[in-house]
Amino acid sequence: MTYFKSLFLALCLCTFSSFANETASNLDKELEVFKPYLGTWQADFKVPEGAKKIQDVGRWERALNGKAIRTMHSINKGEYGGESMIFYDSKKKSLVFYYFTTAGFYTKGTITVLSPTQFVAYEEVTGSKEGVTKVKSTSDLKDDKFIVSTSYLKKGEWTKPESRSYTRSTKTVKFK
């Protein structure tokens with residue numbers, strides 16, 4: 001009986017694995033560049049000694065039958081979070097996205113692919129209480145690390161870029 005249970009479990013795992021791979025690879029051609037980003041990532045932000053630790057957990061997944069990429073992330077298990085949808089706008093001939101947050105603001109932006117492992121996102125911010133009106137971030141996938149460098153246009157001045165390094169994770173995105 002144990003043999004049959006093992007065989008059944010192996011068949012189920014193979015079937016699920018094949019389905020997951022097919023689902024992940026079935027993206028519109030304009031979104032294929034994001035295939036290596038699919039899955040869950042985490043970054044532990046650099047903070048001054050004694051300051052509260054900050055951990056960001058993000059998940060990238062295929063959405064809308066491969067017509068979009070959905071990203072979700074949460075900081076410190078839901079203290080802050082957001083979701084975005086990335087898609088190809090055939091009229092603009094550009095990758096575009098919308099990002100909605102638990103802080104009540106949202107952004108819309110465009111993505112320019114620089115190489116198979118690097119892209120830059122430009123965002124227009126609406127409703128930020130901190131005075132942020134634009135965001136520019138560069139993302140690069142190197143050695144299975146997802147490195148993001150971000151600058152903010154805040155009260156008319158660009159901030160110094162902040163860099164974060166994300167690694168693969170088994171944690172989950174949480175919202176309160």
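The values are calculated or read from the model by the stated rules, or taken from the named source; none is laboratory data. Quick caveat: nothing in here was measured; it's all calculated off a predicted structure. Cβ coordinates were reconstructed from backbone atoms using ideal geometry, including for glycine residues, and neighbour counts include every protein chain displayed. Remember, those area values only see protein heavy atoms, side chains included, never the ligands or the DNA or RNA. Shrake-Rupley method; radii C 1.70, N 1.55, O 1.52, S 1.80 Å.
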Exercise for the section: Could you tell me whether any residue of region 15-23 is surrounded by 10 or more Cβ atoms within 10 Å (Cβ to Cβ) and either within 17 Å of the chain's Cα centre (by Cα) or modelled with pLDDT of 95 or more (or both)? Expected result: no
Practice task
Scan region 150-176 residue by residue and report those that are among the small types (Gly, Ala, Ser) and either touching a residue at least 40 places away in the same chain (Cβ under 8 Å) or not in a strand (DSSP E or B) (or both).
Solution key: Gly156, Ser165, Ser169
Practice task
Examine region 149-156 for a residue that is at positive phi, open to solvent by 60 Å² or more (accessible area, probe 1.4 Å) and not charged (D, E, K, R), and state whether such a residue exists.
Solution key: yes
Fill in the blank from the handout: Filtering region 26-60 down to residues that are farther than 16 Å from Thr170 by Cα and among the β-branched types (Val, Ile, Thr) yields Val33, Val47, Ile54
Problem - Filtered residues of region 98-132 (kept if among the aliphatic types (A, V, I, L, M) and surrounded by fewer than 17 Cβ atoms within 10 Å (Cβ to Cβ)) - result: Ala103, Val113, Leu114, Val120
Exercise for the section: Tell me, yes or no, whether region 86-104 has at least one residue that is among the β-branched types (Val, Ile, Thr) and over 15 Å from the mean Cα position of the chain (by Cα). Expected result: yes
Problem - Filtered residue count, region 73-93, keeping only those that are touching a residue at least 24 places away in the same chain (Cβ under 8 Å) and charged (D, E, K, R) - result: 2
Exercise for the section: Collect the residues in region 116-138 that are without any contact (Cβ under 8 Å) to a residue 60 or more places away in the chain and within 16 Å of Tyr37 (Cα to Cα), keeping them in residue-number order. Expected result: Gln118, Val120, Ala121, Ser137, Thr138
Handout entry: Yes/no for Val135 being at negative phi, part of a strand (DSSP E or B), out of contact with any Asp or Glu (no Cβ under 9 Å at 6 or more places or on another chain) and surrounded by 16 or more Cβ atoms within 10 Å (Cβ to Cβ)
Key = no
Problem - Options Thr133, Thr117; residue that is touching a Leu at 6+ places or on another chain (Cβ under 6 Å) and modelled with pLDDT under 95 - result: Thr117
Problem - Matching option when the condition is in contact with a strand residue (DSSP E or B) (Cβ under 6 Å, 6 or more places away or on another chain) and not basic (Lys, Arg), among Ser84, Ser115, Ser90 - result: Ser84
Handout entry: Unique match (being of a type in the set (A, V, I, L, M, F, W, C), in a strand (DSSP E or B), surrounded by 13 or more Cβ atoms within 10 Å (Cβ to Cβ) and in contact with a Pro (Cβ under 9 Å, 6 or more places away or on another chain)) among Leu95, Leu141
Key = Leu141
Exercise for the section: Mind telling me which of the residues Ser74, Ser84 ends up being under 13 Å from Val173 (Cα atoms), open to solvent by less than 80 Å² (accessible area, probe 1.4 Å) and modelled with pLDDT of 95 or more? Expected result: Ser74
Exercise for the section: Filter region 105-141 for residues that are of a type in the set (Val, Ile, Thr) and within 16 Å of the chain's Cα centre (by Cα) and give the result. Expected result: Thr107, Thr110, Ile111, Thr112, Val113, Thr117, Val120, Val135, Thr138
